[in-house]
Each structure stands twice: as C-alpha cells, then as structure tokens.
Amino acid sequence: MDKKAEISTFLKSRRARITPEQAGLPSHGARRVPGLRRSEVAVLAGVSVEYYTRLERGNLGSASDSVLEALALALQLDDTEREHLFALARAMNTSARRARHKPVKASARSSVVRIVDGMPDMPAFVRNNRFDILAANALARALHCEWFDSALGEPVNTVRFVFLDPRARRFYVDWERVARQGVGALRVQAAQTPYDRELSNLIGELSTRSDAFRTLWGAQDVHVYNEGTKRFHHPAIGELELVHEALDVVGDAGLSITVYSAEPGTPSEDSLKLLASWAATAHAPPAEQPTETPHEH
C-alpha cells in the first residue's frame, strides 16, 4: 500500500470529523468542506500551516514524537488512533529490508496449542495478525463451526468469513459492529507491518470482493481487540452472549490467544454448557453395531 496516501487519507478523515466548536475555535461563515481547516489544525498543534500541509501530504517520517503528540491532541485522537498515527510515522522510517526480518508466524507452538486445549470449558483459539486461525480447542470449533466448514478455503480467516460468507450476517447478531471492528483491526495491522505481503493481499482481496469492506475501509477507522462482548446466533444452540479477552503470545509477534466465557448465572452460561454437549454428540464417533451371532441349530 502507498504509505503516503495512507497517512494523508487518515489525517484528512480525522480533521474532517471535528467541528470548530468541538475544538474550541470560533467559526466564521460557511465552509466548503466539513471539519477543521488545515490552518486551524496547525494552530492547535503549534506548527506552521506549511509544515502541517506537508504532514498531511504523507511526509510524516521526519515528525518528532512531540509533533506527533501535538497532532494527536489537535485531532482529538483516542488511544488506538494515536498509536496508529505513531505506527504510520514509524513505517515511513522503516525500509522493506529492515521490516522483513520478522516474518509473521503461520503456526502456533505446540506449548501454546496445549494451553488452548487445556481450557475445555471455554472457547479459545490462536490467531495471527492477519486473523488466520492457527489453532482452536474443541469448544471454539463448535462455537465457530461455520468458520471451519466454510467454502472459503484454508487457512480459516475470521475477517474473510465476516465479509465473504453470507452466513456471517446471521451468526454475528451485531454484524455491523463486528465488521467495522474487523476492518479497523486490519488497518492497525497494516500500519504496524506495512511489508506483510499476505496481509496486503488479504486487504486487496476483500476490497475487490466486498462492497461493504471497501466502504468501511474508506472510513479510516482503527480498532484493537483487547476485551469486549459479542453476541452469536449459533445454528444449533441459538443465541449466546460471550465476553472475550485477547492475550498476546509473548515471544511470537502478531500471535494472540482469544478466550470466550459466559457471565455466571446467565442464560448464556447454560447455552455454553449445551454447546459443549452438542459438540460432544455431533463429533462423537458412531457407536459400533453389535455383530449378530449365528443361531445354533
């Protein structure tokens, strides 16, 4: 992806969403475009209009941390957006040769897989920064059974499922929110690993095949998965509301473990137990039929 264009589009989108009133500035007359003018952002950030214009054109690599901090404050960026801004600046200063020495993992260590399998009462899986599923325990496979029988091929990829499998809109009760967060998470990863060709290919594929993805990608929103709540409509169990936590795998950049659980005493806790029973029944080997013995005459 064009790094300068990415920076320019991001800064313009953040500038366009802030009104002079929100920034504490006087508003004089009608505006041709929404949001703040470049000159107003420059005043808020304490830089010249010429310098801010260069930054918004994508020349972020020379900006100091103090300038980036001032810019984040002027544009009222949240923590995730601020980190994204710094990641974009770092990417401008990172050559392709330097970036390639940390390939993104395509598999999980056996010890990490054992950790996931050791939580039989909670759906848990390992993913990389491209949202490929590298390992999943039995309950996670049962919860996300449509991931694993999708016609989209291997590896199973959660964002590809969200946008390219029509069942996703039924499976995720809050599909719009899930889709928006998935796109925002991909944008964060694209800034942090700008030379990941497989990630770029995934973004290109989704942009080509999904109008919804293309629209959300253009919004320039960013998101980081830490913790939250999701509602699912499982094809066999019905609706569940589960809390998820994302835990980074120390030593394996880009890998994380996601664990789902139900709040104690809720209907979802009962549904999760029912899911475990369904999984055991659905995947149990067929019972052996007793062999008939010939009658003695």
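Quick one: accessible area per residue over the range 141-297, 1.4 Å probe, rounded to a whole number of Å²? Mind showing how you got there, number by number?
Numbers: 8720 Å² over 157 residues.
Normalised by residue count, the accessible surface of the range 141-297 is 56 Å².
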Environment charge at Ile203 (Cβ cut-off 13 Å; Lys +1, Arg +1, Asp -1, Glu -1): +1
Ellipticity estimate at 222 nm from DSSP helix runs (n ≥ 4, -39,500 (n - 2.57)) divided over the chain, nearest 500: -14000 deg cm²/dmol
Apportionment of accessible area to carbon and sulfur, the chain, percent (1.4 Å): 52
Protection-proxy order for peptides 126-138, 233-245, 15-27, each taking the mean of Cβ atoms within 10 Å per residue, highest first: 126-138, 233-245, 15-27
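The values are calculated or read from the model by the stated rules, or taken from the named source; none is laboratory data. Remember, predicted model here, so these are calculated numbers, not experimental data. Using ideal geometry, Cβ is built from the backbone for each residue, glycine included, and neighbour counts are taken over all protein chains shown. SASA here: full protein model, heavy atoms, side chains in, ligands and nucleic acids out. Shrake-Rupley method; radii C 1.70, N 1.55, O 1.52, S 1.80 Å.
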